[in-house]
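Q: I'd like to ask some things about the structure below.
The values are calculated or read from the model by the stated rules, or taken from the named source; none is laboratory data. Everything numeric in this text was worked out from a predicted model, so none of it was measured. Heads up, the Cβs are rebuilt from the backbone with ideal geometry, glycines too, and the neighbour counts pull from every protein chain shown.
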Amino acid sequence: MTQLPSSAPRESRELGPKWLRSTVFPLFLLCCCPPFVMLLWYTHTQLDGSLLKLLRVLWNEGLWSTLGQIWTPRLLGSLTAWKILGVYVAVELALVRVLPGKLVSGPITAKGHVPKYVDNGVASFAITVGLFLTCSYVLHLFPASILYDNLGDILGCCNVFALLFCVVLYLKGRFAPSTPDHGLSGNPIFDYYWGTELYPNIFGWDVKRFTNCRFGMMGWPLLLLSYAAKQQELYGLSDSMMVAVGIQLVYIAKFFHWETGYLRTLDIMHDRAGFYICWGCLVWLPCVYTSGTLYLVHHPHHLGTPLAAAIFGLGVLAVLVNYLADEQRQRVRATAGQTTVWGKPPRLLIGHYTTEQGAKKENLLLASGYWGLARHFHYLPELAAAFLWCVPALFDAVLPYFYFIFLTILLVDRSYRDDERCAKKYGSDWDEYRKLVPHRILPGIY
Ligand code: NDP
């Protein structure tokens, strides 16, 4: 679950000269993404989710004046927004720490570090959603629409916090790294953007697990429930909202069931803790990932039971296939290949690699089941699920599909990044795997 197109160092697919990749592209994202998030929120809540209306405002008022009017009052958020975030962060930090669970290891890093986590994602998810609903509907401490009502200020707070937090992470990786996996490129812009540490830890909390899973992913269901509550308050709850929220809740529940698997993905084992991943999870994810549903608040389409049920059923199926594909490759490794894939013994290759300390290691590469269809087949059901939770917005506007379009670009980019990383890591063994599984994402086509 990476958030922004990456300019991480690449080996074979170098786009343009080095200064472009290491300075101009990061600078572009650093400057454009924060205002973009505010514009997206504003367009959905004040301009009916219409890109045309936004373009008209920009044309009439000019970019700077529009941004000034939208952003200046929310630049530092509001007291209410800070209180909401303060309580949320305190609860999530406590849940990571106090809830029991099995101790699991992450993948060993190039420098030999093995991260450890307590597997308590499902319990944290259930308690977080339960607490939000109880405090709102049973104890009446706040209306469930509180997040929607304060969203602009919340994004303002998240943005300012995340930008400063990334400065702290930059300095921490430079002067007080937690593990041997850290370093500087010599270009402060790139180091701020990409990060200086792979596994920063602050007071015993793993930073990336917190920002990615327990802030970004955990906030997602609460925002959805708040948007649904707002629609209910204004127009009554539509079946389009129920379908969109329902598929996403299944997806997020799956994510927490599989959280320890996520802790073995590129986001964690490759991407350093900098603006790219941390700002992405603290600000981009809450705004962009929920934007299709934000649009629905003021567009309560009635789909009718057959269509609503069909979209929901297909969405859940897509989430299930994505989960099964992730689970398949992880199960094969966890059992050292002593398992079955689609009812047969798995077709396996051994990927040999050498760590930075020169230790010789090997990993199993699965070439059957979902992993025999294409090297990143699992991105297809991921995209299908995203499309299906956007489609209840029907086809009046483009903006509700922004997340789906963004995810398509992100996953295609990611398939290249991952191929390059694996080619570098496994050398000729990866070439062998590529010969067995020649397609990248779409079996037989791409
Ligand atoms: P993957 O789960 O695809 O893992 C990639 C790693 O798996 C590789 O680097 C390699 O690591 C190992 N690997 C690759 N091929 C094989 C194989 N044939 N057999 C065994 N191991 C292999 O990583 P992602 O992080 O891209 O995706 C994880 C999940 O997250 C997916 O479900 C994806 O859809 C989802 N996702 C969601 C996003 C969102 O924003 N919604 C964004 C990105 C991903 P090693 O070094 O261990 O060999």
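Q: For the stretch 46-67, enumerate the residues that are in a loop (DSSP other than H, G, I, E, B) and among the aliphatic types (A, V, I, L, M). Walk me through how you get there before you give the answer.
A: Restricting attention to the stretch 46-67, the residues satisfying the condition of being in a loop (DSSP other than H, G, I, E, B) are 47-50, 62.
Leu47 - this is the single residue of the stretch 46-67 that is in a loop (DSSP other than H, G, I, E, B) and among the aliphatic types (A, V, I, L, M).
Q: For the stretch 263-351, please list each of the helices (runs of 4 or more DSSP H) lying entirely inside it that holds at least 1 residues being under 23 Å from the mean Cα position of the chain (by Cα) and within 11 Å of the ligand (Cβ to nearest atom). Full working, then the answer.
A: Working: elements: 266-269, 291-297, 305-334.
Correct list: 266-269, 305-334.
Q: Hey, does the stretch 143-158 have a residue that's assigned to a helix (DSSP H, G or I), surrounded by fewer than 18 Cβ atoms within 10 Å (Cβ to Cβ) and in contact with a Leu (Cβ under 9 Å, 6 or more places away or on another chain)?
A: No, the conditions are met nowhere in the stretch 143-158.
Q: Please go through the stretch 91-112 and pick out each residue that is loosely packed, with under 15 Cβ neighbours inside 10 Å and within 18 Å of Thr211 (Cα to Cα).
A: Of everything in the stretch 91-112, those that are loosely packed, with under 15 Cβ neighbours inside 10 Å and within 18 Å of Thr211 (Cα to Cα) turn out to be Ala94, Arg97, Val98.
Q: Give me the pairs, please: first residue somewhere in the stretch 333-359 and farther than 24 Å from Thr260 by Cα, second residue anywhere and among the β-branched types (Val, Ile, Thr), beta-carbon distance under 9 Å, and either six or more positions apart or on two chains.
A: Correct list of pairs: Pro345/Thr339; Arg347/Val341; Glu356/Thr109.
Yes or no, residue by residue, for (1) in the same structural domain as Gly219 (by TED's automatic domain parsing); (2) crowded, with 17+ Cβ neighbours inside 10 Å; (3) in contact with a Phe, Trp or Tyr (Cβ under 9 Å, 6 or more places away or on another chain); (4) more than 16 Å from Val283 (Cβ to Cβ):
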residue: Trp41; (1), (2), (3), (4): no, yes, no, no
residue: Arg56; (1), (2), (3), (4): no, no, no, yes
residue: Trp64; (1), (2), (3), (4): no, no, no, yes
residue: Val89; (1), (2), (3), (4): yes, no, yes, no
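Q: Quick one: what pairs do we get from the stretch 252-264, first residue closer than 24 Å to Asn363 by Cβ, second in a helix (DSSP H, G or I) and among the basic types (Lys, Arg), C-beta under 7 Å, 6+ apart or different chains?
A: Pairs found: Leu263/Arg209.
Q: Let me ask something additional. What residue, of Asp149, Asp181, Asp206, Asp153, is of a type in the set (D, E, K, R) and more than 25 Å from Ile252 (Cα to Cα)?
A: Details: Asp149 fails: more than 25 Å from Ile252 (Cα to Cα); Asp206 fails: more than 25 Å from Ile252 (Cα to Cα); Asp153 fails: more than 25 Å from Ile252 (Cα to Cα).
Going through Asp149, Asp181, Asp206, Asp153 in turn, just one is of a type in the set (D, E, K, R) and more than 25 Å from Ile252 (Cα to Cα): Asp181.
Q: Can you pull out the residues in the stretch 390-407 that are part of a helix (DSSP H, G or I) and away from the ligand (no atom under 11 Å from the Cβ)?
A: Residues of the stretch 390-407 part of a helix (DSSP H, G or I): 390-393, 399-407.
Passing the criteria: Cys390, Val391, Pro392, Ala393, Leu399, Pro400, Tyr401, Phe402, Ile405.
Q: Regarding Leu249, is this residue under 18 Å from Leu151 (Cα atoms), in the same structural domain as Phe125 (by TED's automatic domain parsing), touching a residue at least 12 places away in the same chain (Cβ under 8 Å) and part of a helix (DSSP H, G or I)?
A: Numbers: under 18 Å from Leu151 (Cα atoms): no; in the same structural domain as Phe125 (by TED's automatic domain parsing): yes; touching a residue at least 12 places away in the same chain (Cβ under 8 Å): yes; part of a helix (DSSP H, G or I): yes.
Answer is no for this residue.
Q: Do we have Asp48 as farther than 30 Å from Gly358 by Cβ, assigned by TED's automatic domain parsing to the domain that holds Asn150 and out of contact with any Pro (no Cβ under 6 Å at 6 or more places or on another chain) here? Steps first, answer last, please.
A: On the way: farther than 30 Å from Gly358 by Cβ: yes; assigned by TED's automatic domain parsing to the domain that holds Asn150: no; out of contact with any Pro (no Cβ under 6 Å at 6 or more places or on another chain): yes.
No, not satisfied.
Q: With assigned to a helix (DSSP H, G or I), over 19 Å from Leu285 (Cα atoms) and among the hydroxyl-bearing types (Ser, Thr, Tyr) as the only criterion, which of Ser368, Ser415 stands out?
A: Numbers: Ser368 fails: assigned to a helix (DSSP H, G or I).
None of the other options fit; the residue is Ser415.
Q: Now a separate question. Answer with yes or no whether Tyr370 is in contact (Cβ under 8 Å) with a residue 60 or more places away in the chain and either surrounded by fewer than 19 Cβ atoms within 10 Å (Cβ to Cβ) or under 25 Å from the mean Cα position of the chain (by Cα) (or both). Don't jump to the end; show me each part of the working.
A: Numbers: in contact (Cβ under 8 Å) with a residue 60 or more places away in the chain: no; either surrounded by fewer than 19 Cβ atoms within 10 Å (Cβ to Cβ) or under 25 Å from the mean Cα position of the chain (by Cα) (or both): yes.
For Tyr370, the condition - in contact (Cβ under 8 Å) with a residue 60 or more places away in the chain and either surrounded by fewer than 19 Cβ atoms within 10 Å (Cβ to Cβ) or under 25 Å from the mean Cα position of the chain (by Cα) (or both) - is not met.
Q: I need the full set of residues from the stretch 408-419 which are more than 10 Å from the ligand (Cβ to nearest atom) and touching an Asp or Glu at 6+ places or on another chain (Cβ under 8 Å), in order please.
A: Within the stretch 408-419, none qualify.
Q: Here is a follow-up. Which members of the stretch 182-197 meet the condition of being in a loop (DSSP other than H, G, I, E, B) and closer than 11 Å to Asp271 by Cα? Break it down stepwise before answering.
A: Let us first name the residues in the stretch 182-197 that are in a loop (DSSP other than H, G, I, E, B), namely 183-187, 195-196.
Within the stretch 182-197, Gly195, Thr196 qualify.
Q: Would you mind stating whether Tyr433 is more than 13 Å from the ligand (Cβ to nearest atom) and either buried (at least 18 other Cβ atoms within 10 Å of the Cβ) or more than 17 Å from Tyr251 (Cβ to Cβ) (or both)?
A: Judged against the criteria, Tyr433 is not a match.
Q: Looking at Pro381, Pro392, Pro400, which one is touching a Ser or Thr at 6+ places or on another chain (Cβ under 6 Å), touching a residue at least 12 places away in the same chain (Cβ under 8 Å), not assigned by TED's automatic domain parsing to the domain that holds Val243 and not basic (Lys, Arg)? Steps first, please.
A: On the way: Pro381 fails: touching a Ser or Thr at 6+ places or on another chain (Cβ under 6 Å); Pro400 fails: touching a Ser or Thr at 6+ places or on another chain (Cβ under 6 Å).
Going through Pro381, Pro392, Pro400 in turn, just one is touching a Ser or Thr at 6+ places or on another chain (Cβ under 6 Å), touching a residue at least 12 places away in the same chain (Cβ under 8 Å), not assigned by TED's automatic domain parsing to the domain that holds Val243 and not basic (Lys, Arg): Pro392.
Q: For the stretch 420-430, which positions are assigned to a helix (DSSP H, G or I) and away from the ligand (no atom under 11 Å from the Cβ)? Give the derivation first.
A: To start, the set of residues in the stretch 420-430 that are assigned to a helix (DSSP H, G or I) comprises 420-426, 428-430.
Listed by number, the list holds a single entry, Ser428.
Q: Give me the residue from the stretch 352-388 that is of a type in the set (A, V, I, L, M, F, W, C), away from the ligand (no atom under 11 Å from the Cβ) and touching a Gly at 6+ places or on another chain (Cβ under 8 Å) and, out of that set, modelled with the highest pLDDT.
A: Leu388
Q: Go over the candidates Phe210, Phe190, Phe255, Phe203 one by one and state the one that is within 16 Å of the ligand (Cβ to nearest atom), over 19 Å from Ile108 (Cβ atoms) and in the same structural domain as Tyr88 (by TED's automatic domain parsing).
A: Testing whether each residue is within 16 Å of the ligand (Cβ to nearest atom), over 19 Å from Ile108 (Cβ atoms) and in the same structural domain as Tyr88 (by TED's automatic domain parsing) leaves just Phe255.
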